[in-house]
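What follows is calculated from the coordinates using simple rules that are stated; it is not laboratory data. Owing to the predicted nature of the structure, the values given are computational and were not obtained by experimental measurement. Note that each Cβ is placed from the backbone with ideal geometry, even for glycine, and that neighbours are counted across all protein chains shown.
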Amino acid sequence: MTIRFKVVQVGLGPMGRLIAALLASRDNIHLKSIVDIDPELQGKELNELVPSSASTTQVSSDLDFALKNVDVVVVATTSSLIQASPTIKKAVQAGSNVVSICEELSFPYTLHPELSHELDSLAKQYNVTILGTGINPGYLMDLLPIVLTAPCQEVNKISVTRMMNSSKRREPFQRKIGTGLSVPEFREKIDKKEITGHVGLIQSIQMITAALGVKYSEIKEDPPEPVISKESFITSYGVKVEKGQVCGLRSVAKAKNEMNDGNLVTLKFIAYSGDHDEYDRVVISGIPSITQEIEGGVHGDLGTAAMVANLIPHAYNARAGLHTMKDIPIPCNTQYIWKSNN
Ligand SMILES: NC(=O)c1ccc[n+]([C@@H]2O[C@H](COP(=O)([O-])OP(=O)(O)OC[C@H]3O[C@@H](n4cnc5c(N)ncnc54)[C@H](OP(=O)(O)O)[C@@H]3O)[C@@H](O)[C@H]2O)c1
């Protein structure tokens, strides 16, 4: 007899919709309910919001009710762990495992040491797992380079570059990287934290250095630099961006190493609208040196939804506690893995 994983989706923004639609389409998953606080979404069926989905699962705001008898709760509400943690704690206290794409959860120990400890203890108390995942952070700029170092006798430097055409991504992503702002607006909104830019480079570097056990003198992320549009264009959500306005950003984070006086890990995240090359490239300088490039890059939104769906069996089966992507068995596609095959 095959038994499906019972899952609740919390957060039904553009990312939550992609995730929910994928969960609903998987034979090994039963999407029991969807929770979102947006009043306009209440009572709607998933297929009204995602036309490609056949799912009639309804949206409600009643998290407590939704949490009854669930294996895994997926949280896709925010990048901030402080904001996500009440939902995560409620899910854990209801006896459910948690998979979340909250970027700060991908490696939470340095930015939120006390909260990390609290979440770990709570998860152990209720015998469940909390796992932060996603495409980035969660895979492309951390787990993938970590795994690529396995055949290296020596690692001196790691450099990862993610280059993407942001016009293919969801609207909130394009907005948070400043699309359509003037350069002064971009800098002001970044300074005032009204837009976040990409969140996760620091967590990715921390995951890499923790996995490799290397000592660093400093981890630093520079403020993102705007990319200026060379021509006017209309965004995928119908807003005109003039020539000279911001069409994306470049973010760089580095872990510096006192030993070789250089940059031990360098992560470059470049996302802007335009028909340009896209790739995910990892360069490891060592013995042997390794260069791995994913031509065309991985589509961030589709990839994130897949990471969540694929990590559900891992979260269900992992030992209790708070885990990051470097702590769990090898992630892979799990559409053929059932809760029970007995
Ligand atoms: N790790 C990764 O690789 C990765 C990849 C993609 C996205 N992300 C992150 O995932 C998050 C979701 O992405 P998105 O573009 O869909 O964001 P979004 O547009 O902000 O959507 C979030 C949704 O969650 C709802 N919500 C907020 N707090 C809630 C709560 N406590 N309970 C229930 N629903 C709640 C929001 O409702 P209101 O609009 O009414 O507030 C909104 O409908 C973002 O923070 C994004 O940065 C991570």
By per-residue mean of other Cβ atoms within 10 Å, what is the highest-first order of 171-180, 57-66, 307-316? 307-316, 171-180, 57-66
I'd like the distance separating the alpha-carbon centroids of the range 286-342 and the range 58-137, in whole Å. 17
Amide H contacts under 5 Å for residue 262, restricted to residues at least 5 apart in sequence or on another chain and with H modeled in the peptide plane, are 257
Mind putting together the pair-distance distribution for the range 144-258? All Cα pairs, 5 Å bins, whole percent per bin, short to long. 2, 10, 19, 18, 15, 11, 10, 8, 5, 1, 0
For the chain, what is the relative contact order in percent, using Cα pairs closer than 8 Å and at least 6 residues apart in sequence? 22
Short to long, in 10 Å steps from zero, the percent of alpha-carbon pairs of the chain per bin is 6, 25, 33, 26, 10, 1, 0
Using amide H atoms built in the peptide plane, which far-off residues or other-chain residues are under 5 Å from residue 129 H to H? 97, 98, 321
Near residue 189, which lysines are there with a Cα under 24 Å away, not counting those fewer than 8 places off in the same chain? 168, 176, 220, 230, 240, 243, 254, 268
In terms of Cα to Cα distance under 25 Å, which lysines are near enough to residue 68, apart from those fewer than 8 places away along the same chain? 6, 32, 44, 89, 90, 124, 339
Using the Karplus curve 6.51 cos²θ - 1.76 cosθ + 1.60 with θ = phi - 60°, what ³J(HN,Hα) values do you get for each residue of the range 154-164, in whole Hz, with x for Gly and Pro? 9, 10, 9, 8, 10, 10, 10, 10, 10, 10, 9
Calculate, axis by axis, the spread of Cα positions in the range 69-156 along the three principal axes, and write the results as whole Å, longest axis first. 45, 22, 22
Using helices alone, what [θ] at 222 nm do you get for the chain, with -39,500 (n - 2.57) per DSSP H run of 4 or more residues, divided over all residues and rounded to the nearest 500? -8000 deg cm²/dmol
How high is the relative contact order of the range 144-271, given as a whole-number percent (alpha carbon pairs under 8 Å, six or more residues apart)? 33
